[in-house]
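A.B. asks: Have a look at this one before I ask anything.
What follows is calculated from the coordinates using simple rules that are stated; it is not laboratory data. From a predicted model like this one, the values you see are computed outputs, not experimental measurements. Glycine also receives a Cβ, built like all others from the backbone with ideal geometry; neighbour counts cover every protein chain displayed.
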Amino acid sequence: MIALALPAQDSGSFTPPGIDEMHLPAILPWGAHDGFSKQMLLVILSVVIIATFFILAARKQQLVPGKLQFAGEMAYGFVRNSIAKDIIGGKDFIKYVPLLFSLFFFILVNNIYGAIPVIQLPSFSHVGGAYVMAAIVYVTWIAIGLKKNGIKYFKLATVPSGVPWYILPIVVPIEIISNFLVRPVTHSLRLFATMLAGHLIVMLAGSGIEFLVMQENVLLKGASVLVLVGAIAMYMLEALIMALQAYVFTLLTAIYIEGALHADSH
Amino acid sequence: MNQLIISAATEGEAKGNPLIPNVWEMGVVLVGFAVLMYIVVKFVVPMFEKTFAERAEAIEGGIAKAEAAQAEASAALEEYKQQLTDARAEANRIREEARAEGAQILADLKAKAAAESARITEQAHAAIESERQAAVVSLRSEVGTLATTLAGRIVGEALTDDERAARVVDRFLADLETQSAGAAK
C-alpha cells in the first residue's frame, strides 16, 4: 500500500521501507486472511528440496560413495557427529538425530532463500514459522525430560543441587523463568529477528540504491556505488548469519535435549 | 488518495507488530516440518545409518582379515625359521657323523693294510726259511755222499802214484760232470 503511495510523494525525500514491507501480497488471496503467501510456497518447496536431495544421495548406499552420496553423507554426518554425538553423546544420541537433522536443514534451506536472487526471502522473517519450530523443540525436550526422570524432572530442572537452602527462594524462580518461559521465546525470536533484520537490510540497501540512481544530481547517483559496496558486504554477512542461525538453533536444541536427558547430573 | 493512505495506515498497524504470527503460515510450517520429519525418520536416516554400519563393518572386517593374515604369515615365518634351524643342526650332525665315519674307515683301512703287509712279509720269511732249510738239507746230504764217494775212490786206488791220483781226480770230476749232466736231463 505504501509502495502505491510512494510515487505520489515528493521525489526529493527518501522513505525507507519498513516492517510492513515484509508482507508481500498473497499469491492466492482468500477470505479475510493474507491467503497463500510466498513464504508458504517457499516452506513447501524447502521440504521438497531437502527430501529429494537426501533421498537421492542416500538411495544408492554404496560403500564407496559417489559425489552426490558423499555430499549427502557429509551433510548428514555433520549433524549426526558434530551436533548430536558431540552434545548429547552416549549411545542413544542416534534417537535424536532425525529431529536435529530435520531442524538443521529445514531452517538452513529456508534461511538461504534470503541469499538467493529472485527468491530473496528467508521464510523465518515471518515470526509464525519460528514460533512453530521453537514450540516443537520446547515440547520435545520437556517430554524427553519427563519420560527420562518422571514428574521429578521439574524439580531437577528448577532446583539446582549444591545450593544453600536460603538462596533457593531466589534461584528457583530464576530457573523457572529462564528454563520454561524465556528459553522458547529467545529460541524462536533469535531466529526470527536475525532473518527479519537481514532481510530488512537487503531491502533497505536495494531501495536506497534505487532512490539514489533516480536522482538528477550526478554525485548522488555516484553515491549509489558506495551503497552497493556496503550492500554486498552486508549480503555476505547475511549469508553467513543464515547458515549460522540454522546451526545455532539446532545446537541449542541438542543442548536442551541433553539437559533434559541428564537433568539429575546438572 | 487520503482515504487510501489512511486505510493503509490502519491496515499497517494491524499487521505492523512483527511478533503477531500469521496462523496460516504457522500451519504450513508445522505441516511442512512434519512431512519432512516423516521422510527423514522413515527413509533418510535409516539409509544413511545402514550405509555407515555397512561401511564400518567392511572396514573392521578388512582389518580383522588383515590381522589374521599377518598372524598366519608370522606363524609361517616362525615355522620356517624353526625348520631352517633344525635343518642346519641336522646338516651339522650329519657332517660330523660323516667325518667321524670317514676317520674310522681310514683307520680301519690302515690297520687292515698294515696287517696284510705283515702277513705277506711273514709268509715270505717262512717261504725263504723253508727253502733255505731244504737247500741246507739237500746240500748236506749231497756233500756227504760226495765226500764218501770221493773218499772211497781215493781209498780204493793207490795214493802214492801222483799220476794215478790225478787220474782219480779227473775221473771223479768227469763222473761229477756226467752225473750233473744226467741230473740236468
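A.B. asks: Is the stretch A:130-149 home to any residue that is in contact (Cβ under 8 Å) with a residue 24 or more places away in the chain, over 27 Å from residue A:197 (Cβ atoms) and within 14 Å of chain B (Cβ to nearest Cβ)?
C.D. replies: There is at least one residue in the stretch A:130-149 that is in contact (Cβ under 8 Å) with a residue 24 or more places away in the chain, over 27 Å from residue A:197 (Cβ atoms) and within 14 Å of chain B (Cβ to nearest Cβ).
A.B. asks: Now, a different point. Mind listing whichever residues of the stretch B:29-66 are within 8 Å of another protein chain (Cβ to nearest Cβ) and of a type in the set (Asp, Glu)?
C.D. replies: Of everything in the stretch B:29-66, those that are within 8 Å of another protein chain (Cβ to nearest Cβ) and of a type in the set (Asp, Glu) turn out to be B:49, B:54.
A.B. asks: Give the residue, chosen from A:44, A:83, that is surrounded by fewer than 21 Cβ atoms within 10 Å (Cβ to Cβ) and assigned to a helix (DSSP H, G or I).
C.D. replies: None of the others qualify; the one that does is A:44.
A.B. asks: For residue B:78, state whether it is within 7 Å of another protein chain (Cβ to nearest Cβ) and either out of contact with any strand residue (DSSP E or B) (no Cβ under 6 Å at 6 or more places or on another chain) or under 24 Å from residue A:99 (Cα atoms) (or both).
C.D. replies: For residue B:78, the condition - within 7 Å of another protein chain (Cβ to nearest Cβ) and either out of contact with any strand residue (DSSP E or B) (no Cβ under 6 Å at 6 or more places or on another chain) or under 24 Å from residue A:99 (Cα atoms) (or both) - is not met.
A.B. asks: While we're here: Name the single residue that is nearest to the other protein chains (Cβ to nearest Cβ) among those in the stretch A:89-98 being buried (at least 21 other Cβ atoms within 10 Å of the Cβ) and in contact (Cβ under 8 Å) with a residue 12 or more places away in the chain.
C.D. replies: Among them, the one singled out is A:97.
A.B. asks: Output the residue which, of all residues in the stretch A:193-202 that are within 13 Å of another protein chain (Cβ to nearest Cβ) and touching a Gly at 6+ places or on another chain (Cβ under 8 Å), is nearest to residue A:115 (Cα to Cα).
C.D. replies: In this case the residue turns out to be A:199.
A.B. asks: For a quick check of your reading of the model, give me the residue pairs whose first member lies in the stretch A:53-79 and is β-branched (Val, Ile, Thr), whose second is surrounded by 14 or more Cβ atoms within 10 Å (Cβ to Cβ), with beta-carbon atoms closer than 6 Å and at least 6 apart or on different chains.
C.D. replies: Short answer, once both residue conditions are applied: A:55/B:43; A:79/A:100; A:79/A:101; A:79/A:104.
A.B. asks: Could you please let me know if residue A:109 is of a type in the set (Val, Ile, Thr), in contact with a Gly (Cβ under 9 Å, 6 or more places away or on another chain) and under 30 Å from residue A:236 (Cβ atoms)?
C.D. replies: When the stated conditions are applied, residue A:109 does not pass them.
A.B. asks: Among residues belonging to the stretch A:185-234 that are touching a residue at least 24 places away in the same chain (Cβ under 8 Å) and of a type in the set (S, T, N, Q), point out the one that is surrounded by the fewest Cβ atoms within 10 Å (Cβ to Cβ).
C.D. replies: Top of the filtered list is A:207.
A.B. asks: Tell me the helices (runs of 4 or more DSSP H) entirely within the stretch A:144-254 that contain at least 1 residues that are of a type in the set (Lys, Arg).
C.D. replies: Counting at least 1 such residues, we get A:153-158, A:183-214.
A.B. asks: Taking residue B:129 as the residue in question, decide whether it is part of a helix (DSSP H, G or I) and within 30 Å of residue A:80 (Cα to Cα).
C.D. replies: Judged against the criteria, residue B:129 is not a match.
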